[in-house]
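Reading through the structure tokens given below for one structure.
The values are calculated or read from the model by the stated rules, or taken from the named source; none is laboratory data. From a predicted model like this one, the values you see are computed outputs, not experimental measurements. Cβ placement follows ideal geometry from the backbone for every residue including glycine, while neighbour counts extend to all protein chains displayed.
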Amino acid sequence: MTDRLTPEERIARLTLARTERVGPVTFQQLLRREGSAQAALERLPELARRAGGQKPKTPSPDQIAREIDAGEALGAHLIVQGDDAYPASLATLEGGPSVLWARGHLDLLQRDSIALVGARIASAAGQRFAQGLAVEIGGAGLVVVSGMARGVDAAAHLGSLRTGTVAVLGGGVDDVYPADNAGLYQRLIQEGCVLSESPIGHRAQARDFPRRNRIISGLVRAVVVVEAELRSGSLITARLAAEQGREVLAVPGSPLDPRCAGTNDLIRQGASLCAGLDDVLRAIERPRGLFEPAPVYDVADVETSDQALIDRVLGLVGPTPIARDDLIRLSRGSAGAVLGILLELSLAGRIVVGHDGAVSRSD
């Protein structure tokens, strides 16, 4: 753990992260504006009321204590934003996970890493390639990150257990999914690291995997996609990696195999071709300041005199998510004022801010 945050502030950050309507983007904005999670929790009722809503539901001290006790019973480590153990690569992301639970070797989270992802129903050749590439990546001193799914993910972890591998889960760090990877999960805890932003005991649902994928891409210097159909979660990971400024590589395959349609299309769109370790190393050969922090805007307090701007912002938000930069431009307001309005509207439950910062109506 770290001594930069007091024990009380660490508990407050976990509480804030588990508060209704406080996603990762809102969490970061509240910390920047209020200075601490403790101060943010105190202001929640006022901020929600000013935007015409009720105070978000906050977990009780007993609920937070139960989560911490459950984590300690597993031997898991709680990591909050601001801890020394929080991965440096995720700290540069806007909307990075507010809190993390980890089982295994935390030092792996601070090392340079490469993601290997791909099809769950992967071909024998695809799995063999993924495992062999993982062995080579580990031999080059890099950690392999994947999602512990069947197929390519499992092969990537198996190839890198000896040298260092991290599995990012959609459910809690105690959610062994799929069940037939139980043996792999036990080895990951002992020899690697298992990571999740979900609460202990949470069972993965479909909506959790895109959130999980942004952590996979955010942790690494490059994402390698081995096999993927055109509608694939691995392509979501690749898209997120590109948005986060990470390198994207794809392994080419037969045009007759639908499992290669997504990777071939990535190459067509400009992803680097990956035929082996040399391609991975070439892709990451660039200056060491690779994780550029996301732009940080001051989040202003909203005054009642800003009602015209509030109305313009609300009028621009609809059921289809819209980027905050577009809202700022179209509303003709300052970045700080618009972000302050969005913060209060989200706490009031009138809009939803996604983990990527896109905004939509809540009704």
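Every residue, every condition in (1) closer than 18 Å to F209 by Cα; (2) out of contact with any strand residue (DSSP E or B) (no Cβ under 9 Å at 6 or more places or on another chain), yes or no:
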{"site": "Q63", "(1), (2)": "no, yes"}
{"site": "D84", "(1), (2)": "no, yes"}
{"site": "A88", "(1), (2)": "no, yes"}
{"site": "L100", "(1), (2)": "yes, no"}
{"site": "L106", "(1), (2)": "no, no"}
{"site": "V152", "(1), (2)": "yes, no"}
- request: Count, please, the residues in segment 109-120 that happen to be over 14 Å from V225 (Cα atoms) and not acidic (D, E).
  value: 4
message: I'm checking my understanding of the structure. Among residues of segment 1-52 that are charged (D, E, K, R) and not in a helix (DSSP H, G or I), which one is surrounded by the fewest Cβ atoms within 10 Å (Cβ to Cβ)?
response: D3
message: Yes or no: segment 291-301 includes at least one residue that is closer than 27 Å to G95 by Cα, modelled with pLDDT of 90 or more and hydroxyl-bearing (S, T, Y).
response: no
query: Does segment 239-251 include one or more residues that are small (G, A, S), surrounded by fewer than 23 Cβ atoms within 10 Å (Cβ to Cβ) and out of contact with any helix residue (DSSP H, G or I) (no Cβ under 8 Å at 6 or more places or on another chain)?
result: yes
- prompt: For segment 327-351, how many residues are part of a loop (DSSP other than H, G, I, E, B) and free of Cβ contacts under 8 Å to residues at least 60 places away in the same chain?
  reply: 3
query: If we scan segment 41-51, do we find a residue that is in contact with a His (Cβ under 9 Å, 6 or more places away or on another chain) and at pLDDT 95 or above?
result: no
query: Quick one: is G132 free of Cβ contacts under 8 Å to residues at least 60 places away in the same chain, under 23 Å from V80 (Cα atoms) and in the same structural domain as R259 (by TED's automatic domain parsing)?
result: no
query: Counting residues that are more than 24 Å from H105 (Cα to Cα) and either of a type in the set (V, I, T) or in contact with a strand residue (DSSP E or B) (Cβ under 8 Å, 6 or more places away or on another chain) (or both), which helices (runs of 4 or more DSSP H) fully inside segment 186-276 reach at least 3?
result: 233-243, 261-268
query: Any idea which residue in segment 137-164 is farthest from the chain's Cα centre (by Cα), counting only those that are of a type in the set (G, A, S) and under 16 Å from L249 (Cα atoms)?
result: A156
statement: Of the residues in segment 318-363, those that are more than 23 Å from L31 (Cα to Cα), polar (S, T, N, Q) and modelled with pLDDT of 90 or more come to T320, S331
message: buried (at least 23 other Cβ atoms within 10 Å of the Cβ), among the β-branched types (V, I, T) and assigned by TED's automatic domain parsing to the domain that holds Q190: is that true of V80 in this structure?
response: no
query: Pairs, please: C-beta under 6 Å, at least 6 apart or cross-chain, first residue in the same structural domain as I64 (by TED's automatic domain parsing) and surrounded by 18 or more Cβ atoms within 10 Å (Cβ to Cβ) and in segment 193-221, second at pLDDT 95 or above and basic (K, R)?
result: none
message: Could you go through segment 123-138 and let me know if any residue there is in contact with a Cys (Cβ under 9 Å, 6 or more places away or on another chain) and surrounded by 24 or more Cβ atoms within 10 Å (Cβ to Cβ).
response: yes
